[in-house]
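Student: One structure follows; several queries about it will come next.
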Amino acid sequence: MTDAVLILEDGRTFAGEAYGATGATVGEIVFNTGMTGYQETLTDPSYHRQIVVMTAPHIGNTGVNDEDSESARIWVAGYVVRDPARLASSWRSRRALDDDLVGQGVVGISGIDTRALTRHLRERGVMRAGIFSGDALHVAAGGRRSDDELRASVLAAPAMQGSDLAGEVSTQTAYVVEALAPDGSTLAEPVAVVAALDLGIKAMTPLRLAERGIRVHVLPSRSTIEDVLACAPDGVFFSNGPGDPSAATHEVELLREVLDRKIPFFGICYGNQILGRALGYGTYKLAYGHRGVNQPVVDRATGKVEITAHNHGFAVDAPLQGESVAPYDGGRYGRVVVSHVDLNDDVVEGLAALDLPAFSVQYHPEAAAGPHDAAYLFDRFLELMQGTGATSDLPTTKGADA
């Protein structure tokens, strides 16, 4: 076994064994509470520049297949697990997880107390960290590099706050995901057309739209309003993605162009934060974020509680109770309600404009590994585009106390 060390920017150190590739990596360290879906997590572009700690103790049990990845590559900066599976056991498995980590140069560490690490991050908040193994851990004479030297590398890494990262993960070329019939064949005529801005989009998102008969034009993050309008869209979608929404000035301005034209809009995760900022609300960094597949969220339109998948470290700062007038430009976008709320900590999990056809959620209704409680949101978007539904149908005061 090859020795490995994880060191946090506050100086706390964990010693373990190399898992995946050996070398050095730095990034913001976050924890994911999901017990399933590690392949989807690794390939989610929203984890760009983040070292992910899995709180589930056994990782790699079902190996890796060729169907479940959310993008063409692994995006995490590093991977931390307690007990890697010694044997992958699934009829869908094509190779061991470790093979993909090594093949894509993802530096990881295993054999550490991930419970203690997670508790530390819960108490201190997420921070920068580094994983070091092999030649990156040892000096030529055979000794180990000092903790101070390793920590200096960590402190030199950029912080997540202020980082504009969507352009680093977005497609560089527009492409189309065709609408699908119930039998999986391609529809000759879609029921609607959506222009989807790729800020780090997961593969399952356009598929969920396509399954509803929607043709999806996936566009690069730097697209202009002219690029969007060239698709002749019935609706516009902004995806999930990495980075600080306060740095996403281009995306905010683009969304305002969409809102000004009253084109139906739906945003997920980063897209929710972009809508918040376009409406004039602030955003802020959460102490340790929400990452996993077990967050309870109440949909104030129905009063139902959904178990949802999350991956975000920032949130929208909007009034939880009743209606508020969107602060941007003297209230030109009208009234807004918080449509969804996290029941663990009252974080805003959704916005709905009452005077515009626009809504968004902070979580992931497309979650491939589940849960699927929130899949109805894609139907809600289609209804909005077809004119059979409206965000103004959402309760404004009754639902505010749900």
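Student: Of all residues in segment 113-125 being over 14 Å from V80 (Cα atoms) and in contact with a strand residue (DSSP E or B) (Cβ under 7 Å, 6 or more places away or on another chain), which is most open to solvent (accessible area, probe 1.4 Å)? Steps first, answer last, please.
Tutor: Filtering segment 113-125 for residues over 14 Å from V80 (Cα atoms) gives 119-120, 122-125.
Within this subset, residues satisfying the condition of being in contact with a strand residue (DSSP E or B) (Cβ under 7 Å, 6 or more places away or on another chain) are 122, 125.
Working: R122: 132, G125: 6 Å².
Step by step, filter segment 113-125, then rank; the result is R122.
Student: Any chance you could count how many residues in segment 179-200 are surrounded by fewer than 24 Cβ atoms within 10 Å (Cβ to Cβ) and either touching a Pro at 6+ places or on another chain (Cβ under 6 Å) or of a type in the set (S, T, N, Q) (or both)? So that I can check it myself, show each step before the final result.
Tutor: First pass over segment 179-200, keeping only residues surrounded by fewer than 24 Cβ atoms within 10 Å (Cβ to Cβ): 179-193.
Add one more test, that the residue is either touching a Pro at 6+ places or on another chain (Cβ under 6 Å) or of a type in the set (S, T, N, Q) (or both), and what stays is 179, 185-186, 193.
Adding up the residues that qualify gives 4.
Student: R332 fails exactly one of the following numbered conditions: (1) touching a Gly at 6+ places or on another chain (Cβ under 7 Å); (2) modelled with pLDDT of 95 or more; (3) open to solvent by 60 Å² or more (accessible area, probe 1.4 Å). What is the number of that condition?
Tutor: (1)
Student: For segment 245-292, what are the residues that are part of a helix (DSSP H, G or I) and β-branched (V, I, T)?
Tutor: T249, V252, V258, I274
Student: In addition: Do we find a residue being of a type outside the set (S, T, Y), modelled with pLDDT of 95 or more, surrounded by 24 or more Cβ atoms within 10 Å (Cβ to Cβ) and closer than 28 Å to W75 by Cβ anywhere in segment 219-226? Explain how you work it out, then say what you get.
Tutor: To start, the set of residues in segment 219-226 that are of a type outside the set (S, T, Y) comprises 219-220, 222, 225-226.
Filter once more, so that each one left must be modelled with pLDDT of 95 or more: 219-220, 222, 225-226.
Remaining after also requiring surrounded by 24 or more Cβ atoms within 10 Å (Cβ to Cβ): 219.
This time we only want the ones that are closer than 28 Å to W75 by Cβ, so: 219.
Looking through segment 219-226, at least one residue is of a type outside the set (S, T, Y), modelled with pLDDT of 95 or more, surrounded by 24 or more Cβ atoms within 10 Å (Cβ to Cβ) and closer than 28 Å to W75 by Cβ.
Student: Checking V176 against (1) at pLDDT 95 or above; (2) open to solvent by 50 Å² or more (accessible area, probe 1.4 Å); (3) not in a strand (DSSP E or B), only one condition comes out false. Which one?
Tutor: That leaves (3) as the condition not met.
Student: Here's a follow-up. Sort through G162, G243 and tell me the only one that's loosely packed, with under 15 Cβ neighbours inside 10 Å, in contact (Cβ under 8 Å) with a residue 12 or more places away in the chain and touching a helix residue (DSSP H, G or I) at 6+ places or on another chain (Cβ under 7 Å).
Tutor: Numbers: G243 fails: loosely packed, with under 15 Cβ neighbours inside 10 Å.
Sole residue among the options that is loosely packed, with under 15 Cβ neighbours inside 10 Å, in contact (Cβ under 8 Å) with a residue 12 or more places away in the chain and touching a helix residue (DSSP H, G or I) at 6+ places or on another chain (Cβ under 7 Å): G162.
Student: Kindly evaluate D10 against the criterion of being surrounded by fewer than 20 Cβ atoms within 10 Å (Cβ to Cβ), in contact with a strand residue (DSSP E or B) (Cβ under 8 Å, 6 or more places away or on another chain) and assigned to a loop (DSSP other than H, G, I, E, B). Outline the logic, then answer.
Tutor: Details: surrounded by fewer than 20 Cβ atoms within 10 Å (Cβ to Cβ): yes; in contact with a strand residue (DSSP E or B) (Cβ under 8 Å, 6 or more places away or on another chain): yes; assigned to a loop (DSSP other than H, G, I, E, B): yes.
Yes: the conditions hold for D10.
Student: Name the pairs whose Cβ atoms lie under 8 Å apart, with the first residue in segment 310-333 and under 26 Å from N240 (Cα atoms) and part of a loop (DSSP other than H, G, I, E, B), the second basic (K, R) and open to solvent by 60 Å² or more (accessible area, probe 1.4 Å), and 6 or more positions between them or separate chains?
Tutor: Once the first residue is under 26 Å from N240 (Cα atoms) and part of a loop (DSSP other than H, G, I, E, B) and sits in segment 310-333, its partners that are basic (K, R) and open to solvent by 60 Å² or more (accessible area, probe 1.4 Å) give A326/R332; A326/R335.
The values are calculated or read from the model by the stated rules, or taken from the named source; none is laboratory data. Predicted model, so just to flag it, every value in this text is computed and none were measured. Cβ coordinates were reconstructed from backbone atoms using ideal geometry, including for glycine residues, and neighbour counts include every protein chain displayed. Ligands, DNA and RNA are stripped out before the accessible areas are found, and what is left, the full protein with its side chains, is counted by its heavy atoms. Shrake-Rupley method; radii C 1.70, N 1.55, O 1.52, S 1.80 Å.
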